[in-house]
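The values are calculated or read from the model by the stated rules, or taken from the named source; none is laboratory data. Note that this is a predicted model, so its numbers are computed, not measured. Quick reminder, even Gly has a Cβ in these numbers, built from the backbone with ideal geometry, and neighbours come from all protein chains shown.
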Amino acid sequence: MADTRITITKDGPAKVESEGSIEIFDHAGNAIPHREGRPAFLCRCGGSQNKPFCDGTHSKIGFEGAEAAVKAHRDAQGDD
Ligand code: FES
């Protein structure tokens, strides 16, 4: 595994794993604390009440991740 691995989960958050520490900052450069030594799950749906972290809301709102939407569009277009 690379030092840092980011996995875009199906219709869910981005899972960030690192062999080292993970530092997360807001737009103003303020550090956002998270559990040390554990993956960070970052919201992609925009619905979390605990941003930037996922709180499971994506399941309740039926979020469809972009990777699935792009594939569906390609399938509809008949492109490979
Ligand atoms: S991706 Fe899980 S709450 Fe947004």
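Report, by residue number, each residue of the range 18-37 that is exposed (fewer than 10 other Cβ atoms within 10 Å of the Cβ), among the polar types (S, T, N, Q) and closer than 15 Å to residue 6 by Cα.
Passing the criteria: only 21.
Every residue, every condition in (1) loosely packed, with under 10 Cβ neighbours inside 10 Å; (2) touching a helix residue (DSSP H, G or I) at 6+ places or on another chain (Cβ under 8 Å); (3) among the hydrophobic types (A, V, I, L, M, F, W, C), yes or no:
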{"site": "39", "(1), (2), (3)": "no, no, no"}
{"site": "42", "(1), (2), (3)": "no, no, yes"}
{"site": "48", "(1), (2), (3)": "no, yes, no"}
{"site": "55", "(1), (2), (3)": "no, no, no"}
{"site": "58", "(1), (2), (3)": "no, no, no"}
{"site": "65", "(1), (2), (3)": "no, no, no"}
{"site": "70", "(1), (2), (3)": "no, no, yes"}
{"site": "73", "(1), (2), (3)": "no, no, no"}
{"site": "77", "(1), (2), (3)": "yes, no, no"}
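Restricting attention to the range 28-38, which residues are modelled with pLDDT of 95 or more and assigned to a loop (DSSP other than H, G, I, E, B)?
28, 29, 30, 32
In the range 52-62, what residues are more than 8 Å from the ligand (Cβ to nearest atom) and part of a loop (DSSP other than H, G, I, E, B)?
Hits for the range 52-62 are 52, 62.
Can you tell me which of (1) of a type in the set (Lys, Arg); (2) more than 16 Å from the chain's Cα centre (by Cα); (3) within 8 Å of the ligand (Cβ to nearest atom) is the one residue 44 doesn't meet?
Here residue 44 clears every test but (2).
Restricted to the range 63-79, and to residues that are part of a loop (DSSP other than H, G, I, E, B) and either among the hydroxyl-bearing types (Ser, Thr, Tyr) or free of Cβ contacts under 8 Å to residues at least 24 places away in the same chain (or both), which residue is farthest from the ligand (Cβ to nearest atom)?
Among those residues, the one meeting the criterion is 78.
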